[in-house]
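Engineer: Quick one: structure below, then a few questions.
The values are calculated or read from the model by the stated rules, or taken from the named source; none is laboratory data. Keep in mind the model is a prediction, meaning the values are calculated, not measured. Using ideal geometry, Cβ is built from the backbone for each residue, glycine included, and neighbour counts are taken over all protein chains shown.
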Amino acid sequence: MKYIAIRILAVICALGLLACTDPFIAHASTVTFTYEYPGGANSGGVYTYPYYVSIDGGHPVPMMCFSYTNEISPGESWTASVTTIVANNPREEELAYLYQVASNPATPAQDVSDAQWAAWMLYDPTDLTEASGKVPDWAGSEAELVAAENFAGAHPNYFVGRYTLYIPDNSTWRLDDPSTWNGQGPQPFMSNYVAEPSSLLLVGTGLLLLAGAVRRKWLRSARSSS
């Protein structure tokens, strides 16, 4: 009987921890974004990665923006849909590669800026051409784009499910159609942060509390019977 109780307690604890910590179980479908502040990096007079954003009032987390045309300001809030990289989507794979470059602490500052501009070039190609003169280091950013394309081609679906996309909720805004990006914001972001639904966290917390109560009761019973 003692071993059965221990096994039940272990199962409850495992379920609670899994519900609280496993990002693959579920993620929030819609979250509230607040742009808190830029990370300080600047290229050509434009802030680049990282952008610090809070989700549902949480602590600010660093993210990569991938819309140059749209614009946001510190303190601005909006709702965003949450999704992960899907299979057979080369452009999302290329974006993930660029995010990986920019978010790596070992990446030199110039390469971080080039990766950020490359992400903007990937999704706003009509606004960021070599002739526009807006990209400070066209050769460097173009090289990052080529590297991203080559990596995605050689490793298809490498980043599927590994990074999260936060897409602004707007009935006229389409991720696959930059012509709908009217320059008024808000912007889409990518991060390795996974927003979990609050209901799932409550379930996990409840299970852990239940496990604690069961353990205390079992210990009292064990003492009284000894």
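Engineer: Anything in region 69-106 that is touching a helix residue (DSSP H, G or I) at 6+ places or on another chain (Cβ under 7 Å) and either over 16 Å from ILE167 (Cβ atoms) or among the charged types (D, E, K, R) (or both)? List them, or say none.
Structural biologist: PRO90, ARG91, GLU93, GLU94, TYR97, LEU98, VAL101, ALA102, listed by residue number.
Engineer: Among the residues of region 124-145, what is the count of those that are β-branched (Val, Ile, Thr) and at pLDDT below 90?
Structural biologist: Here is the first cut: in region 124-145, the ones β-branched (Val, Ile, Thr) are 126, 129, 135.
Keeping just the survivors that are at pLDDT below 90 gives 126.
Qualifying residue count for the region: 1.
Engineer: Check whether at least one residue in region 45-52 is modelled with pLDDT under 95, crowded, with 18+ Cβ neighbours inside 10 Å and farther than 24 Å from THR129 by Cβ, and report yes or no.
Structural biologist: No, every residue in region 45-52 fails to be modelled with pLDDT under 95, crowded, with 18+ Cβ neighbours inside 10 Å and farther than 24 Å from THR129 by Cβ.
Engineer: Among residues belonging to region 127-160 that are more than 23 Å from TYR51 (Cβ to Cβ) and in a loop (DSSP other than H, G, I, E, B), point out the one that is nearest to the chain's Cα centre (by Cα).
Structural biologist: Restricting to residues being more than 23 Å from TYR51 (Cβ to Cβ) and in a loop (DSSP other than H, G, I, E, B), the top hit is VAL160.
Engineer: Sticking with this structure for a sec: Looking for something assigned to a loop (DSSP other than H, G, I, E, B), surrounded by 22 or more Cβ atoms within 10 Å (Cβ to Cβ), of a type in the set (Val, Ile, Thr) and in contact (Cβ under 8 Å) with a residue 60 or more places away in the chain - is there at least one such residue anywhere in region 76-86?
Structural biologist: Of all residues in region 76-86, those assigned to a loop (DSSP other than H, G, I, E, B) come to 76, 85-86.
Next, only the ones that are surrounded by 22 or more Cβ atoms within 10 Å (Cβ to Cβ) stay: none.
Among the residues of region 76-86, not one is assigned to a loop (DSSP other than H, G, I, E, B), surrounded by 22 or more Cβ atoms within 10 Å (Cβ to Cβ), of a type in the set (Val, Ile, Thr) and in contact (Cβ under 8 Å) with a residue 60 or more places away in the chain, which makes the answer no.
Engineer: What pairs come out if I take residues in region 102-115 that are under 15 Å from LEU145 (Cβ atoms) and pair them with residues that are part of a loop (DSSP other than H, G, I, E, B) and of a type in the set (A, V, I, L, M) whose C-beta lies under 8 Å away, six or more apart or interchain?
Structural biologist: Once the first residue is under 15 Å from LEU145 (Cβ atoms) and sits in region 102-115, its partners that are part of a loop (DSSP other than H, G, I, E, B) and of a type in the set (A, V, I, L, M) give VAL112/ALA41; SER113/ALA41.
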